[in-house]
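Report on the structure given below.
The values are calculated or read from the model by the stated rules, or taken from the named source; none is laboratory data. Nothing here was measured: the structure is a model prediction, and the numbers come from that model. Using ideal geometry, Cβ is built from the backbone for each residue, glycine included, and neighbour counts are taken over all protein chains shown. Remember, those area values only see protein heavy atoms, side chains included, never the ligands or the DNA or RNA. Shrake-Rupley method; radii C 1.70, N 1.55, O 1.52, S 1.80 Å.
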Amino acid sequence: MRRLTLLALLLAAGSASAQDDEEPLPLNGVGRISVQAGWRLSSNGTFYDSYYALPSSQGFQRAPESPGGPFLAGSFAYSVTEFFELGIDLFATGEQLRLTGAPTITNVTYGALVGVRLQTLLDILTPEGVVPFVGVQTGPTLAYSVAEGVGSRELFTQAWAGTVGATFRFSPQWGLTAEYRLAFARGQSVFNNKPEFKGLASYNAGGNWFALGVTYFFASDPIRPFSSSP
């Protein structure tokens, strides 16, 4: 009985050692889909300054800036090489701006960002390693502004974003991605439709986008040499 127990322990140790020696699957040729949710923070100091500088706003107490709003994104990407990934991100985010003496403005930004990410694979922390990345993105974006009793306004613009993050791969198919994007885009508020708000600055339709999500990897499909029939 003791011999059987010892043999089982040796086999288990050998199996664990073999798994530890296995290298994570490479990134070359791997596709992925990431679904992320998070929070958006954006400074609108210039917009607030211009509003409270209007003649009709003189004497108003300045309202606090927005605490931010939700952010959602879906990423579809393909690793062209071990260090280079192409992708497209579909996103939507929004926030509310409250101004003294005026209806609350709801601003929504949505669109698509196409870009590249530089990446590498580190065999640390998780069974399939960690993939840190940094990239740049740009794409068509719609900045939509609406306020009750005032109307709405939509502006088509070009957004730019820098991104940095990491994916923690827990298996060949699944991982957890944490990502930060710094986005640059401007929008025209619904108040810009009114002549009494002439001189009102544009608002920040970009900002700081923090997100956490789940990533699914598609196995790479290596090119196989042609084989002749016998």
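Within segment 98-119, can you find the residues that are of a type in the set (A, V, I, L, M), closer than 30 Å to Ser171 by Cβ and surrounded by 21 or more Cβ atoms within 10 Å (Cβ to Cβ)? Quick ask: steps written out before the conclusion?
Let us first name the residues in segment 98-119 that are of a type in the set (A, V, I, L, M), namely 99, 102, 105, 108, 112-114, 116, 118.
Checking the rest, the ones that are also closer than 30 Å to Ser171 by Cβ come to 112-114, 116, 118.
Result: Leu113, single match.
Any residue at all in segment 125-139 that is farther than 21 Å from Ala73 by Cβ, of a type in the set (D, E, K, R) and over 23 Å from the mean Cα position of the chain (by Cα)? Don't jump to the end; show me each part of the working.
Keep residues of segment 125-139 that are farther than 21 Å from Ala73 by Cβ, which gives 125-129.
Filter again for of a type in the set (D, E, K, R), leaving 128.
Now restrict to residues that are over 23 Å from the mean Cα position of the chain (by Cα): none.
Checked against the condition, which is being farther than 21 Å from Ala73 by Cβ, of a type in the set (D, E, K, R) and over 23 Å from the mean Cα position of the chain (by Cα), segment 125-139 yields no hits at all.
Are any residues in segment 25-79 touching a Gly at 6+ places or on another chain (Cβ under 6 Å), outside any strand (DSSP E or B) and either open to solvent by 20 Å² or more (accessible area, probe 1.4 Å) or closer than 20 Å to Gly135 by Cβ (or both), and if so, which ones?
Of everything in segment 25-79, just one residue is touching a Gly at 6+ places or on another chain (Cβ under 6 Å), outside any strand (DSSP E or B) and either open to solvent by 20 Å² or more (accessible area, probe 1.4 Å) or closer than 20 Å to Gly135 by Cβ (or both), namely Phe60.
Within segment 42-79, can you find the residues that are within 30 Å of Phe217 (Cβ to Cβ) and of a type outside the set (Gly, Ala, Ser)?
Scanning segment 42-79 gives Pro70, Phe71, Leu72, Phe76, Tyr78.
Contact list please: Cβ distance under 7 Å, first residue in segment 64-80 and more than 16 Å from Ile105 (Cβ to Cβ), second residue modelled with pLDDT under 95 and of a type in the set (A, V, I, L, M, F, W, C), pairs at least six apart or on different chains.
From residues that are more than 16 Å from Ile105 (Cβ to Cβ), the pairs are Ser79/Leu27; Ser79/Val30.
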